[in-house]
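The values are calculated or read from the model by the stated rules, or taken from the named source; none is laboratory data. All of these numbers come straight from a predicted model, not from anything done at the bench. Note that we place each Cβ from the backbone using ideal geometry, even for glycine, and neighbour counts take in every protein chain shown.
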Amino acid sequence: MMRFIAPLLVFAAFCSLLILGLITDTHTVKSALTHKSAPAFDAPRLLDKNQQITSNIFEGKISVLNVWASWCPTCYQEHPFLMELAKKKNITLYGLNYKDTRYAAKKTLQKLGNPYKSIIYDPDGTIGLTYGVTGTPETFIIDRKGIVRYKHTSAITKDIWKNKLLPLINELSK
(Lines give C-alpha, C1' and ligand atoms only; values in the text may rest on other atoms or scores of the structure.)
Protein backbone atom coordinates (compact mmCIF):
# COMPACT_ATOMS: atom_id res chain seq x y z
CA MET A 1 0.00 0.00 0.00
CA MET A 2 2.82 2.48 0.91
CA ARG A 3 4.50 1.94 -2.45
CA PHE A 4 1.40 3.44 -4.11
CA ILE A 5 1.03 6.37 -1.72
CA ALA A 6 4.54 7.83 -2.18
CA PRO A 7 4.25 8.20 -6.00
CA LEU A 8 0.74 9.58 -5.57
CA LEU A 9 2.02 12.24 -3.13
CA VAL A 10 4.84 13.20 -5.50
CA PHE A 11 2.36 13.47 -8.37
CA ALA A 12 0.00 15.61 -6.25
CA ALA A 13 2.85 17.95 -5.25
CA PHE A 14 3.91 18.30 -8.89
CA CYS A 15 0.34 19.12 -9.97
CA SER A 16 0.02 21.70 -7.19
CA LEU A 17 3.20 23.47 -8.30
CA LEU A 18 2.09 23.37 -11.92
CA ILE A 19 -1.28 24.94 -11.09
CA LEU A 20 0.37 27.59 -8.91
CA GLY A 21 2.69 28.48 -11.78
CA LEU A 22 -0.22 28.82 -14.19
CA ILE A 23 -2.23 31.16 -11.97
CA THR A 24 0.66 33.36 -10.80
CA ASP A 25 1.07 36.71 -12.55
CA THR A 26 4.74 36.65 -13.57
CA HIS A 27 4.68 40.20 -14.95
CA THR A 28 4.07 41.78 -11.58
CA VAL A 29 7.20 41.12 -9.61
CA LYS A 30 7.31 42.40 -6.07
CA SER A 31 10.41 44.53 -6.02
CA ALA A 32 12.56 44.89 -2.93
CA LEU A 33 12.48 48.61 -3.77
CA THR A 34 8.71 48.97 -3.55
CA HIS A 35 7.91 51.76 -1.07
CA LYS A 36 11.61 52.68 -0.81
CA SER A 37 13.61 55.50 -2.37
CA ALA A 38 14.71 54.93 -5.92
CA PRO A 39 18.45 54.16 -5.85
CA ALA A 40 20.67 57.17 -6.38
CA PHE A 41 22.72 57.40 -9.55
CA ASP A 42 24.88 59.86 -11.43
CA ALA A 43 25.33 58.64 -14.99
CA PRO A 44 25.90 59.90 -18.50
CA ARG A 45 22.94 60.61 -20.72
CA LEU A 46 22.59 58.28 -23.68
CA LEU A 47 22.23 61.00 -26.29
CA ASP A 48 24.96 63.28 -24.93
CA LYS A 49 27.86 61.52 -23.23
CA ASN A 50 29.17 64.87 -21.95
CA GLN A 51 26.05 65.49 -19.85
CA GLN A 52 25.24 63.71 -16.59
CA ILE A 53 21.82 62.73 -15.28
CA THR A 54 21.04 61.99 -11.65
CA SER A 55 18.25 60.34 -9.70
CA ASN A 56 17.03 63.84 -8.76
CA ILE A 57 15.08 63.80 -12.05
CA PHE A 58 12.34 61.83 -10.29
CA GLU A 59 11.64 64.41 -7.59
CA GLY A 60 8.55 66.61 -7.83
CA LYS A 61 6.65 64.55 -10.41
CA ILE A 62 5.36 61.06 -10.95
CA SER A 63 7.79 59.29 -13.24
CA VAL A 64 7.72 56.19 -15.37
CA LEU A 65 11.17 54.60 -15.73
CA ASN A 66 11.37 52.13 -18.60
CA VAL A 67 14.39 49.81 -18.82
CA TRP A 68 15.17 48.88 -22.43
CA ALA A 69 17.91 47.80 -24.82
CA SER A 70 18.43 47.67 -28.58
CA TRP A 71 19.10 43.91 -28.36
CA CYS A 72 15.73 43.23 -26.67
CA PRO A 73 13.02 41.91 -29.05
CA THR A 74 10.24 42.56 -26.52
CA CYS A 75 11.37 46.18 -26.26
CA TYR A 76 10.68 46.56 -30.00
CA GLN A 77 7.14 45.23 -29.44
CA GLU A 78 6.59 47.70 -26.60
CA HIS A 79 8.07 50.72 -28.38
CA PRO A 80 4.99 51.86 -30.40
CA PHE A 81 2.95 52.03 -27.19
CA LEU A 82 5.70 54.04 -25.48
CA MET A 83 5.57 56.48 -28.40
CA GLU A 84 1.83 56.90 -27.70
CA LEU A 85 2.51 57.48 -24.01
CA ALA A 86 5.09 60.14 -24.82
CA LYS A 87 2.34 62.27 -26.39
CA LYS A 88 0.45 62.46 -23.08
CA LYS A 89 1.20 65.64 -21.15
CA ASN A 90 0.66 64.11 -17.70
CA ILE A 91 3.23 61.30 -18.13
CA THR A 92 6.96 61.80 -17.59
CA LEU A 93 8.68 58.85 -19.26
CA TYR A 94 12.37 58.22 -18.65
CA GLY A 95 14.51 55.51 -20.19
CA LEU A 96 17.29 53.40 -18.73
CA ASN A 97 19.33 51.98 -21.59
CA TYR A 98 20.58 48.73 -20.09
CA LYS A 99 23.73 46.76 -21.05
CA ASP A 100 23.79 48.22 -24.52
CA THR A 101 26.18 50.08 -26.77
CA ARG A 102 25.61 53.77 -27.28
CA TYR A 103 25.79 53.29 -31.07
CA ALA A 104 23.13 50.54 -31.20
CA ALA A 105 20.81 52.35 -28.80
CA LYS A 106 21.00 55.62 -30.73
CA LYS A 107 20.45 53.82 -34.01
CA THR A 108 17.33 52.14 -32.57
CA LEU A 109 15.92 55.49 -31.45
CA GLN A 110 16.68 57.07 -34.83
CA LYS A 111 14.75 54.27 -36.51
CA LEU A 112 11.79 53.97 -34.09
CA GLY A 113 11.59 57.39 -32.46
CA ASN A 114 12.45 58.57 -28.97
CA PRO A 115 9.58 58.44 -26.44
CA TYR A 116 11.75 59.42 -23.45
CA LYS A 117 12.20 62.80 -21.80
CA SER A 118 15.75 61.72 -20.89
CA ILE A 119 17.68 58.46 -21.14
CA ILE A 120 20.15 57.16 -18.58
CA TYR A 121 23.02 55.26 -20.17
CA ASP A 122 23.92 52.09 -18.22
CA PRO A 123 26.31 50.11 -20.45
CA ASP A 124 27.55 47.71 -17.76
CA GLY A 125 24.20 47.29 -15.96
CA THR A 126 25.37 48.80 -12.67
CA ILE A 127 22.34 51.08 -12.28
CA GLY A 128 20.02 48.29 -13.39
CA LEU A 129 21.52 46.06 -10.74
CA THR A 130 20.71 48.59 -8.00
CA TYR A 131 17.11 48.64 -9.26
CA GLY A 132 16.91 44.85 -9.25
CA VAL A 133 16.52 44.61 -13.02
CA THR A 134 16.37 41.00 -14.16
CA GLY A 135 15.81 41.64 -17.86
CA THR A 136 14.29 43.99 -20.36
CA PRO A 137 11.85 45.56 -20.60
CA GLU A 138 10.98 46.47 -17.03
CA THR A 139 9.07 49.52 -15.89
CA PHE A 140 9.02 51.32 -12.56
CA ILE A 141 6.50 53.85 -11.30
CA ILE A 142 8.20 56.41 -9.06
CA ASP A 143 6.23 58.97 -7.03
CA ARG A 144 6.90 62.69 -6.50
CA LYS A 145 9.16 62.01 -3.54
CA GLY A 146 11.34 59.57 -5.51
CA ILE A 147 9.78 56.46 -3.96
CA VAL A 148 9.39 53.34 -6.13
CA ARG A 149 5.71 52.39 -6.04
CA TYR A 150 5.51 49.61 -8.62
CA LYS A 151 7.61 47.37 -10.85
CA HIS A 152 6.35 45.66 -13.99
CA THR A 153 8.36 43.12 -15.96
CA SER A 154 7.81 42.53 -19.68
CA ALA A 155 6.25 44.88 -22.22
CA ILE A 156 3.67 47.46 -21.27
CA THR A 157 0.52 46.92 -23.32
CA LYS A 158 -2.59 49.07 -23.56
CA ASP A 159 -4.38 46.63 -21.25
CA ILE A 160 -1.62 46.69 -18.60
CA TRP A 161 -1.44 50.46 -18.84
CA LYS A 162 -5.21 50.91 -18.52
CA ASN A 163 -5.78 48.35 -15.76
CA LYS A 164 -2.61 48.55 -13.64
CA LEU A 165 -0.25 51.43 -14.27
CA LEU A 166 -2.62 54.31 -15.07
CA PRO A 167 -4.88 53.68 -12.03
CA LEU A 168 -1.78 53.75 -9.81
CA ILE A 169 -0.51 56.94 -11.44
CA ASN A 170 -3.94 58.54 -11.03
CA GLU A 171 -4.01 57.55 -7.35
CA LEU A 172 -0.52 58.95 -6.79
CA SER A 173 -1.54 62.18 -8.55
CA LYS A 174 -4.20 62.99 -5.95
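The table that follows gives values for the structure above.
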quantity: Whichever residue in the stretch 61-112 is among the basic types (K, R), touching a strand residue (DSSP E or B) at 6+ places or on another chain (Cβ under 8 Å) and on the phi < 0 side of the Ramachandran plot and, among such residues, is modelled with the lowest pLDDT; calculated: K61
quantity: G146, sole failed condition from (1) without any contact (Cβ under 8 Å) to a residue 40 or more places away in the chain; (2) touching a strand residue (DSSP E or B) at 6+ places or on another chain (Cβ under 7 Å); calculated: (1)
quantity: Single residue of I53, I57 found to be over 16 Å from the mean Cα position of the chain (by Cα), under 14 Å from K145 (Cβ atoms) and modelled with pLDDT of 95 or more; calculated: I57
quantity: Residue ID - nearest to P39 (Cα to Cα), chosen from residues in the stretch 97-124 that are surrounded by 15 or more Cβ atoms within 10 Å (Cβ to Cβ) and of a type in the set (G, A, S); calculated: S118
quantity: Index of the failed condition, L168 passing every other in (1) out of contact with any strand residue (DSSP E or B) (no Cβ under 6 Å at 6 or more places or on another chain); (2) closer than 22 Å to K61 by Cα; (3) part of a helix (DSSP H, G or I); calculated: (1)
quantity: Subset of the stretch 81-93 (residues that are surrounded by 15 or more Cβ atoms within 10 Å (Cβ to Cβ) and either of a type outside the set (S, T, N, Q) or under 16 Å from T153 (Cα atoms) (or both)); calculated: F81, L82, L85, A86, I91, L93
quantity: Members of the stretch 134-174 that are in contact with a Leu (Cβ under 8 Å, 6 or more places away or on another chain) and crowded, with 17+ Cβ neighbours inside 10 Å; calculated: T139, F140, I141, I142, D143, V148, R149, Y150, K151, H152, I156, W161
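Condition check ((1) surrounded by 15 or more Cβ atoms within 10 Å (Cβ to Cβ); (2) over 27 Å from K164 (Cβ atoms); (3) in contact with a Phe, Trp or Tyr (Cβ under 7 Å, 6 or more places away or on another chain)) across all residues:
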{"residue": "R45", "(1), (2), (3)": "yes, yes, yes"}
{"residue": "A69", "(1), (2), (3)": "yes, no, yes"}
{"residue": "H79", "(1), (2), (3)": "yes, no, no"}
{"residue": "G95", "(1), (2), (3)": "yes, no, yes"}
{"residue": "L129", "(1), (2), (3)": "no, no, no"}
